[in-house]
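S.K.: Dumping the structure here so I can ask a few things about it.
The values are calculated or read from the model by the stated rules, or taken from the named source; none is laboratory data. Predicted model, so just to flag it, every value in this text is computed and none were measured. Every residue, glycine as well, gets a Cβ built from its backbone with ideal geometry; the counts of neighbours run over all protein chains shown.
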Amino acid sequence: MTRSSKIRVSSGHSLHHVVCPHDCPDSCSMLVTRDDSSGRAVKIQGDPSHPITQGFLCNKVNHYLDYVYSSKRVLYPHRRVGPRGPGAKFKRISWQEALDEVADNFCRIVDEFGSEAIQPINFAGTMGQIGYQGMDERFWNKLGAGRLEKSICVHAAYYANVYTHGAHSGPDIAIAAEEAELLILWGFNPVTTAVHAVPHIRRAQERGCQIIVIDPRQTRTTWLADWHLQPKPGTDAALALGLMKIIVDEGLHDQDFLESHTTGWKELIRDRLIDYSVERVSVITGVSEADILKLARLYASTRKSNIRAGHGLNRHSNSGQMARAIHILPSITGAWRERCGGAAFGRVEESFGPCVNPALQRNDLGDRANKRKINMVQMGRAIAEHIGEDDMPLEPPVKCLFSYCSDPVNSLPNSNNIRKGLMREDLFTVSHDTFWTDTCDYADIVLPADTQLERADFVASYGYFHYGMNLPVIEPVGESVSNSELFRRLARVMDFVDSSDNAFTQTDEEIIKEVLFDADIDHCLEGTTYEEFKENGWMLGNFDSPRRDVLKNGWPTKDGKIQIYSEELKEIGQDPLPGYVPELSHGDTGTYPLQVLSNASHYFIGATFQSVERLQAMQSRPTFELSVSDAEQRDISDGDLCRLFNSQGETYGHAVIIDGLLPGVIGTQKQIKGSSTAGGINVNALNTEILTDFGFAPTFYSVFAEVEKANAQMRHKTLLAKWDGKEGYLSLWRRQNPDSSLNDAQVIDLANKTYPGIFDV
């Protein structure tokens with residue numbers, strides 16, 4: 001009997017296992033209480049039987065029922081009537097009308113331009129693997145649609161890991177915290193982005209483990225730290241190489257480990273570390289020589305050490321080499337010898353093994369493997385400028401953008417380019433979403449998506465070695481459907497269903513059972529039956545395979561050793577040794593002296609939950625964190641509305657003055673809905689589509705800008721352009737407040753109180 005089975009519910013109610021599907025490493029196991037007479041979910045709580053969730057949920061998911069039952073959800077299919085863009089008007093239509101219109105446009109585009117002209121775009125709106133890369137991939141494979149390089153998250157660190165260790169990644173934070181004597185949280189803010197790591201970190205700290213946070217910002221996690229170091233953003237590779245040099249120079253390195261388990265360590269010491277004296281590293285990073293020396297000696301003398309690096313380190317132009325340098329540190333000290341030792345960037349390695357499964361995605365349904373691939377980071381120029389890989393013209397151009405599990409208007413870089421592309425009259429756009437996102441404003445067809453309580457799915461945690469099973473608790477709200485059901489319906493209307501093949505007729509639960517458990521499965525799922533998994537709601541994956549015993553069996557590289565010197569990197573024209581290269585500024589740093597770090601919000605996950613009123617009340621507007629000196633230089637006070645800008649674009653937010661923030665750094669929140677900002681567009685307007693040194697990842701943090709106090713006229717002009725005047729504002733307001741009884745005059749009066757004189761500009 002599990003602990004969760006001991007939870008009692010009142011008569012007429014039932015308890016159900018679900019798993020959080022959102023873009024977070026924890027993948028919490030949750031318990032939902034349903035009123036069986038009404039069929040309505042009435043309570044949600046953490047599963048106390050789960051070793052990571054431990055009975056509590058994050059502040060975001062605690063409000064999940066507000067999300068499920070929000071009056072702002074998209075509940076029915078809609079067709080746009082009139083111009084696209086902010087304030088667009090929509091008319092409710094039937095599912096059959098919507099499917100027919102989508103299918104007709106698919107057929108028209110394929111006949112005229114070829115199937116590659118249809119471009120799906122999706123990412124982590126759900127981490128449920130059936131909805132994320134199951135039935136949808138089957139459909140796109142059958143259609144032969146263009147492919148998507150999903151590189152917006154951890155690609156730089158992922159490739160750095162592959163080039164260095166082959167695939168191996170360190171232990172999860174729970175395992176590390178059990179034995180580690182030193183935990184280095186490098187650019188990792190778990191209080192905001194992985195809250196279930198915090199109890200493990202606290203318990204480690206209570207038994208004497210030192211907690212060091214390396215982050216240019218002050219965060220909620222730095223409050224927990226025994227020691228907080230603040231290097232200048234983008235200089236982390238120099239810091240890591242400087243630590244290595246001190247450790248080697250002082251004879252504190254593990255010579256036997258280097259000789260037995262690595263390739264290229266001699267070249268590292270001879271050709272690279274010589275350039276990273278403590279004096280030079282201090283100048284580059286802004287960290288004092290004394291602190292660099294102290295950290296190096298502490299790390300070298302504590303072999304039971306673990307480095308946990310965050311996703312933000314993936315978002316600099318030099319991120320690939322930065323991740324390489326940090327990954328190699330445990331090899332210098334031999335920390336990999338310890339069960340708790342090593343380093344991990346963002347995710348553990350094997351967790352997605354069962355999901356990268358040909359039987360799940362059915363690549364055999366077509367020849368899509370040979371179709372072109374568009375990097376989602378550069379989707380703006382693809383749809384606005386018809387430019388693809390290697391700066392070559394896209395032929396054929398993208399004629400259909402099909403968005404699901406994604407809000408590209410707010411999540412992709414160079415968002416002005418995204419909006420420009422979506423304004424094309426010849427671009428047929430479909431958005432499948434739970435709420436009216438800013439992307440919906442540009443869609444021809446908007447389709448209603450369900451929530452996790454309304455679907456079946458399988459979730460692989462990327463921060464721990466756990467899997468979660470999800471089965472529907474309630475009936476779909478309105479006419480909403482899961483991703484899987486949407487693509488089953490599209491398959492039927494496109495005549496893809498074949499009586500000899502169940503590719504488009506399998507239910508989600510059948511896919512989970514037959515594909516993931518009954519087939520020739522990945523070793524990660526061994527040891528647990530489907531029935532046990534279904535009953536418990538979660539399982540611990542089998543990660544004790546011989547391949548993980550790297551000290552005995554070697555790393556999954558060409559010679560079984562850690563590649564400090566990477567021939568593979570050399571072959572693609574990259575430095576084979578880890579090194580520091582100053583990041584690209586993407587502009588004149590004299591004109592734009594502030595480096596912008598757009599971090600995860602404490603209250604939202606991308607666009608998710610931004611329509612939940614209680615969470616909106618906690619962060620109703622974007623903020624700009626400024627150091628005291630930077631604020632004083634610009635005569636900015638706490639709370640002032642400010643304009644953040646560079647040659648790419650501008651956005652608005654309210655100043656928060658932080659004593660302890662590095663001068664020259666400005667912090668803000670990523671993926672805030674543009675429509676909720678004073679200027680109608682978020683910080684991604686300031687980003688370019690330039691990629692990292694390797695790994696094809698975005699450079700969200702290699703952004704330099706200037707900030708100034710905004711005046712009302714500045715803001716009003718921007719807002720009026722966004723709204724398309726008074727009528728556009730009224731239309732947008734009505735859609736965002738469907739239950740309001742205010743008449744037009746009252747809505748305008750409210751706008752004038754919020755933005756005095758707005759319609760007089």
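S.K.: Just for strands (runs of 3 or more DSSP E) wholly inside segment 581-659: which have at least 3 residues that are modelled with pLDDT of 90 or more and within 23 Å of H716 (Cβ to Cβ)? Let's see the steps before the verdict.
M.R.: Numbers: elements: 594-599, 623-627, 641-645, 650-658.
Fully inside segment 581-659 and qualifying: 641-645, 650-658.
S.K.: With assigned to a helix (DSSP H, G or I) and not assigned by TED's automatic domain parsing to the domain that holds T507 as the only criterion, which of N62, N105, N141 stands out?
M.R.: N62
S.K.: Do we find that I564 is touching a strand residue (DSSP E or B) at 6+ places or on another chain (Cβ under 6 Å), under 30 Å from A177 (Cα atoms) and not acidic (D, E) in this structure?
M.R.: The answer is yes for I564.
S.K.: Within segment 34-60, how many residues turn out to be at positive phi and of a type outside the set (S, T, N, Q)?
M.R.: Final tally of qualifying residues: 2.
S.K.: Could you check segment 204-227 and list, in sequence order, the residues that are farther than 26 Å from D23 by Cβ and among the basic types (K, R)?
M.R.: R207
S.K.: Please note which helices (runs of 4 or more DSSP H) are completely contained in segment 404-520 and include at least 1 residues that are in the same structural domain as S94 (by TED's automatic domain parsing), acidic (D, E) and closer than 30 Å to S38 by Cβ.
M.R.: Hits in segment 404-520: 483-493, 508-511.
S.K.: Here's another thing I want to ask about it. Restricting the search to segment 733-761, which residues are small (G, A, S) and loosely packed, with under 11 Cβ neighbours inside 10 Å?
M.R.: To start, the set of residues in segment 733-761 that are small (G, A, S) comprises 740-741, 745, 751, 757.
Hits for segment 733-761 are S741, A745, G757.
S.K.: Something else about it: Could you list, in sequence order, all residues of segment 382-407 that are surrounded by 20 or more Cβ atoms within 10 Å (Cβ to Cβ) and among the charged types (D, E, K, R)?
M.R.: K399, D407
S.K.: How do the pairs read when you match residues in segment 100-125 that are closer than 15 Å to D444 by Cα and aromatic (F, W, Y) with residues anywhere that are modelled with pLDDT of 95 or more and in a helix (DSSP H, G or I), using Cβ under 8 Å and keeping only pairs 6 or more apart or on different chains?
M.R.: F106/L143
S.K.: Looking at segment 721-731, can you tell me whether even one residue there is in a helix (DSSP H, G or I) and loosely packed, with under 13 Cβ neighbours inside 10 Å?
M.R.: yes
S.K.: Inside segment 300-325, can you point out the residues that are crowded, with 24+ Cβ neighbours inside 10 Å, touching a strand residue (DSSP E or B) at 6+ places or on another chain (Cβ under 6 Å) and more than 19 Å from N599 (Cα to Cα)?
M.R.: S305, N306, I307
S.K.: How many of the residues in segment 467-481 are of a type in the set (G, A, S) and at pLDDT 95 or above?
M.R.: Going through segment 467-481 one residue at a time, the tally reaches 2.
S.K.: Taking segment 660-708 as the region of interest, how many residues are modelled with pLDDT under 90, out of contact with any strand residue (DSSP E or B) (no Cβ under 7 Å at 6 or more places or on another chain) and surrounded by 24 or more Cβ atoms within 10 Å (Cβ to Cβ)?
M.R.: So the count comes out to 2.
S.K.: Being surrounded by fewer than 18 Cβ atoms within 10 Å (Cβ to Cβ) and touching a residue at least 60 places away in the same chain (Cβ under 8 Å) narrows it down to one residue among R40, R8, R73; which is it?
M.R.: One residue alone meets the criteria, R40.
S.K.: Pairs needed: first member in segment 491-517, crowded, with 17+ Cβ neighbours inside 10 Å; second member anywhere, basic (K, R); C-beta distance under 6 Å; at least 6 residues apart or different chains.
M.R.: Within 6 Å, the pairs are F496/K142; A503/R138; A503/R362; F504/R488.
S.K.: Given the conditions (1) assigned by TED's automatic domain parsing to the domain that holds V110; (2) modelled with pLDDT of 90 or more; (3) in contact with a Gly (Cβ under 6 Å, 6 or more places away or on another chain); (4) not in a loop (DSSP other than H, G, I, E, B), which single one is not true for L360?
M.R.: Only one criterion in (1) assigned by TED's automatic domain parsing to the domain that holds V110; (2) modelled with pLDDT of 90 or more; (3) in contact with a Gly (Cβ under 6 Å, 6 or more places away or on another chain); (4) not in a loop (DSSP other than H, G, I, E, B) is unmet by L360, namely (2).
S.K.: Considering A685, A710, which residue is within 30 Å of Y158 (Cα to Cα) and in contact (Cβ under 8 Å) with a residue 60 or more places away in the chain?
M.R.: Details: A710 fails: within 30 Å of Y158 (Cα to Cα).
Unique residue meeting the criteria: A685.
S.K.: Quick one: in segment 133-156, of everything that is at pLDDT 90 or above and touching a His at 6+ places or on another chain (Cβ under 9 Å), which residue is nearest to P413 (Cα to Cα)?
M.R.: Filtering segment 133-156 for residues that are at pLDDT 90 or above and touching a His at 6+ places or on another chain (Cβ under 9 Å), the one nearest to P413 (Cα to Cα) comes out as E149.
S.K.: Going by the conditions given, is G242 within 33 Å of the chain's Cα centre (by Cα) and either part of a helix (DSSP H, G or I) or at pLDDT 95 or above (or both)?
M.R.: Yes.
S.K.: Mind telling me which of the residues S4, S27, S38 ends up being of a type in the set (G, A, S), modelled with pLDDT under 90 and in a loop (DSSP other than H, G, I, E, B)?
M.R.: S27
S.K.: Only helices (runs of 4 or more DSSP H) wholly contained in segment 247-306 count here; list those with 1 or more residues that are out of contact with any Lys or Arg (no Cβ under 8 Å at 6 or more places or on another chain) and touching a residue at least 60 places away in the same chain (Cβ under 8 Å).
M.R.: Answer list for segment 247-306: 255-261, 289-300.
S.K.: Working only within segment 297-319, note down all residues that are under 23 Å from Q669 (Cα atoms) and among the small types (G, A, S).
M.R.: If the condition is that a residue be under 23 Å from Q669 (Cα atoms) and among the small types (G, A, S), then A309, G310, G312, S317, S319 are the ones that fit.
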